[in-house]
Amino acid sequence: MTIKPEVIEDLVSQARLVRDHAYCPYSQFPVGCAILTKDSIVYTGVNVENVSFGATNCAERSAIFTAITEGYRPKFIQAIAVAGETEDFLPPCCICRQVLVEMADPDTPVYLTRKDGKILTTSVADLAPYSFEKLEM
């Protein structure tokens, strides 16, 4: 599915706007994320830190988990945008990449941003080429 440029811009804009709500008193590294579902609903998330760093949650998983709370199940993501204030493009961490593998199709576009406003388009498969496959239960 091709995503229209104005939809991409809106998704990136929402990721940038929500970034201001990040709770990152330890790293001072705010990240925002916006996920577009296949039925055109947008969910946003931010990184939420904790003094016990293992209890920290990334923006990507915050957005994904919010959508799951609303009833979405694997392969519901149409596109994802990640926004930070970095010099280079800001990709999801490896834990978030693995979650994306289960919740999105391999060709799902991932839009990475950087401080100067540029956008890099990649995919879940490109970000996680050797990911674990879903376990059959």
Practice problem: Go through the range 102-121 and give me each residue that's touching a helix residue (DSSP H, G or I) at 6+ places or on another chain (Cβ under 6 Å) and within 21 Å of residue 69 (Cβ to Cβ). | Solution: 103, 104, 108
Quiz prompt | Residue list for the range 47-103, filter: without any contact (Cβ under 8 Å) to a residue 24 or more places away in the chain, of a type in the set (Val, Ile, Thr) and in a loop (DSSP other than H, G, I, E, B) | solution = 56
Quiz item: Conditions: (1) open to solvent by 20 Å² or more (accessible area, probe 1.4 Å); (2) within 13 Å of the chain's Cα centre (by Cα); (3) not hydroxyl-bearing (Ser, Thr, Tyr). Residue 28 meets all but one. Number of the miss?
Solution: (2)
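Condition check: open to solvent by less than 20 Å² (accessible area, probe 1.4 Å), out of contact with any Leu (no Cβ under 9 Å at 6 or more places or on another chain) and of a type in the set (Gly, Ala, Ser). Does residue 15 satisfy that?
Working: open to solvent by less than 20 Å² (accessible area, probe 1.4 Å): yes; out of contact with any Leu (no Cβ under 9 Å at 6 or more places or on another chain): yes; of a type in the set (Gly, Ala, Ser): yes.
Considered against the rule, which asks whether it is open to solvent by less than 20 Å² (accessible area, probe 1.4 Å), out of contact with any Leu (no Cβ under 9 Å at 6 or more places or on another chain) and of a type in the set (Gly, Ala, Ser), residue 15 comes out as yes.
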Exercise. Give the residues of the range 104-118 that are part of a loop (DSSP other than H, G, I, E, B), surrounded by 15 or more Cβ atoms within 10 Å (Cβ to Cβ) and out of contact with any Gly (no Cβ under 8 Å at 6 or more places or on another chain), sorted by residue number.
Key: 105, 108
Quiz item: Which condition number in (1) more than 17 Å from residue 10 (Cα to Cα); (2) open to solvent by 20 Å² or more (accessible area, probe 1.4 Å); (3) β-branched (Val, Ile, Thr) is the one that residue 41 fails?
Solution: (1)
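The values are calculated or read from the model by the stated rules, or taken from the named source; none is laboratory data. Values in this document were obtained by computation on a predicted structure and should not be read as measured data. Positions of Cβ are backbone-derived with ideal geometry, glycine not excepted, and every protein chain shown enters the neighbour counts. Ligands, DNA and RNA are excluded from the accessible area calculation, which covers all protein heavy atoms including side chains. Shrake-Rupley method; radii C 1.70, N 1.55, O 1.52, S 1.80 Å.
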